Amino acid sequence: MLGLKLLTDPRWANIAESNLEEILTDHAWCEQKAATNAITLITQNSEHMDLVEELTAIAIEEMQHFQMVVDIIKQRGYTLGRERKDDYVGRLVKFNRRDGSRNSAFIDRLLFAAMIEARSCERFRVLSQNIKDAELAKFYHNLMVSEAGHYTTFLNFARKYTIDIDVDKRWKEWLEFEGELIQSYGNKQAIHG
């Protein structure tokens with residue numbers, strides 16, 4: 001799915017479902033961070049009007065997802081906990097290239113975003129197919145579809161705006177790195193954990 005090298009064990013959904021307040025809090029903050037990432041890409045690359053328009057829509061949608069998760073938290077009598085550090089994302093950040101041109105940093109930031117969206121999409125699929133809570137299963141199915149669209153958007157912009165990078169080759173490097181990285185995750189009540 002999405003070229004990912006290692007799919008999530010469906011039993012991870014049981015771990016997530018064992019503490020819905022925790023997984024929902026983590027999920028809410030993931031949505032907020034996705035909106036922030038889209039805004040950062042806009043700020044740093046505002047000369048590309050099509051990117052500005054598309055990523056503005058994504059940032060708004062990600063904040064709408066944040067609000068939807070917060071609403072579920074409130075409806076269930078949970079509390080939105082504090083923002084959590086996302087070790088998975090932190091390790092992906094370190095894989096970003098910073099030693100090349102402005103364009104190569106831009107392309108890698110787009111691929112970084114595509115990678116997170118791809119894994120989030122895959123995790124939402126696992127939740128939608130494996131949790132017993134029918135309301136949340138439907139909710140995560142709908143989000144899975146949305147994340148797949150975001151993944152495609154980021155990847156397509158990387159291909160469109162590259163100057164000096166073989167995007168498909170670099171994307172394969174991202175997939176290989178993430179395939180190794182994700183082996184350390186899948187045992188916590190976190191979207192990427």
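The values are calculated or read from the model by the stated rules, or taken from the named source; none is laboratory data. It should be emphasised that the depicted structure is a prediction, and the values quoted were computed from it without experimental measurement. Please note: Cβ atoms are built from the backbone with ideal geometry, for glycine as well, and neighbour counts cover all protein chains shown.
Residues E47, E83: which one is of a type outside the set (S, T, Y) and either more than 17 Å from Q32 (Cα to Cα) or at pLDDT 95 or above (or both)? Don't jump to the end; show me each part of the working.
Details: E83 fails: either more than 17 Å from Q32 (Cα to Cα) or at pLDDT 95 or above (or both).
Answer to the selection: E47.
Give region 101-135 a look and list any residue that's over 20 Å from M68 (Cβ atoms), touching a residue at least 40 places away in the same chain (Cβ under 8 Å) and of a type in the set (G, A, S), or say none.
S101, S104, A113, A114, A118
Can you name every residue in region 162-172 that is more than 18 Å from the chain's Cα centre (by Cα), within 15 Å of R97 (Cβ to Cβ) and part of a helix (DSSP H, G or I)? Before you say what the answer is, go through the steps one by one.
Applying the first criterion (more than 18 Å from the chain's Cα centre (by Cα)) to region 162-172 yields 162-170.
Narrowing the set further to residues that are within 15 Å of R97 (Cβ to Cβ) leaves 162-167, 169-170.
Across region 162-172, the qualifying residues are V167, K169, R170.
For residues in region 41-59 being touching a residue at least 12 places away in the same chain (Cβ under 8 Å) and of a type in the set (V, I, T), which is surrounded by the most Cβ atoms within 10 Å (Cβ to Cβ)?
Result: I58.
With (1) at pLDDT below 95; (2) farther than 18 Å from K5 by Cβ; (3) among the aliphatic types (A, V, I, L, M); (4) assigned to a helix (DSSP H, G or I) as the list, and I182 as the residue in question, which single condition is left unmet?
(2)
Can we say K138 is assigned to a loop (DSSP other than H, G, I, E, B) and either more than 20 Å from E62 (Cα to Cα) or without any contact (Cβ under 8 Å) to a residue 40 or more places away in the chain (or both)?
Working: assigned to a loop (DSSP other than H, G, I, E, B): no; either more than 20 Å from E62 (Cα to Cα) or without any contact (Cβ under 8 Å) to a residue 40 or more places away in the chain (or both): yes.
It is false that K138 is assigned to a loop (DSSP other than H, G, I, E, B) and either more than 20 Å from E62 (Cα to Cα) or without any contact (Cβ under 8 Å) to a residue 40 or more places away in the chain (or both).
Residues that are charged (D, E, K, R), within 16 Å of A114 (Cβ to Cβ) and out of contact with any Lys or Arg (no Cβ under 8 Å at 6 or more places or on another chain), at least 2 per element: which helices (runs of 4 or more DSSP H) completely within region 3-97 meet that? Spell out how you get there, then give the answer.
Values: elements: 12-17, 20-44, 49-75, 87-95.
In region 3-97, the matching helices (runs of 4 or more DSSP H) lie at 49-75.
Assess whether A105 counts as being among the small types (G, A, S), assigned to a helix (DSSP H, G or I), touching a helix residue (DSSP H, G or I) at 6+ places or on another chain (Cβ under 9 Å) and closer than 22 Å to Q44 by Cβ. Give the derivation first.
Details: among the small types (G, A, S): yes; assigned to a helix (DSSP H, G or I): yes; touching a helix residue (DSSP H, G or I) at 6+ places or on another chain (Cβ under 9 Å): yes; closer than 22 Å to Q44 by Cβ: yes.
Against the criterion (among the small types (G, A, S), assigned to a helix (DSSP H, G or I), touching a helix residue (DSSP H, G or I) at 6+ places or on another chain (Cβ under 9 Å) and closer than 22 Å to Q44 by Cβ), A105 qualifies.
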